[in-house]
Amino acid sequence: MQKKSHHPLKTRLAGTFAALSTALLVAGAAPAYAHHAFAAEFDADQPIEIKGVVTKAKWVNPHSWLYLDVKDKDGNVTNWGFEFGAPFSLQSQGLTKAVLPVGTPITVKGYRSKNGGPFGYSVTVALEDGRTFKTGGAQDAPSATAQR
């Protein structure tokens, strides 16, 4: 009986092909709902500008969130949540959690959520010292210049 010889290159290529095929199958099976478009949750016809004080920041992928307490004209406080871009994108703009600690007064320009709740999509954040940061990351979101 003759022994089969395995060529190391063929064995390596077969293993690489199997690994690549598995990776593609797993990637294709990922949930489609993991990432949404701007238009799915936010209303481009409802631009907002809100002033408040930071209560919490969540720097997470795929979207970071910033929460702030906002007082209305009667002194009632509502906690608003704003979707930001990914942490890496924010950091490349110079915006980190350290720039927005709890208690920081800010102004957010963006768009209101379609459900009418105290949520929105942030396009920019301005600090009292004059610094402004681009915060949005959705490809289909209106730009800050599109706001009325």
Total charge dipole magnitude, the stretch 38-138, about the Cα centre, Cβ charges on Lys, Arg, Asp, Glu only, Debye to nearest 20:
220 debye
Specify which residue in the list Phe38, Gly136, Gly110 is farthest towards the positive end of the charge dipole of the stretch 38-138, using unit charges on the beta carbon of Lys, Arg (+1) and Asp, Glu (-1), about the Cα centre.
Gly136
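May I ask which of Lys97/Lys134; Lys56/Lys97; Lys73/Lys97; Lys71/Lys109 have a Cα-Cα span longer than 21 Å here?
On the way: Lys97/Lys134 14 Å; Lys56/Lys97 9 Å; Lys73/Lys97 29 Å; Lys71/Lys109 16 Å.
Check vs 21 Å cut-off fails for Lys73/Lys97.
Can you check what the Kirkwood hydrodynamic radius comes to for the stretch 38-138, Cα pairs only, in Å to one decimal? Write out the running numbers ahead of the final one.
Numbers: mean 1/r = 0.0746 Å⁻¹.
About 13.4 Å, per the Kirkwood formula over Cα pairs.
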Along the charge dipole of the stretch 38-138, which of Val53, Tyr121, Val99 sits closest to the positive end, that is, farthest toward it, with unit charges on the beta carbon of Lys, Arg, Asp and Glu (+1, +1, -1, -1)?
Val99
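FYI, it's all coordinate maths here, none of it is from the lab. All values reported here derive from a predicted model rather than from experimental measurement. Glycine also receives a Cβ, built like all others from the backbone with ideal geometry; neighbour counts cover every protein chain displayed.
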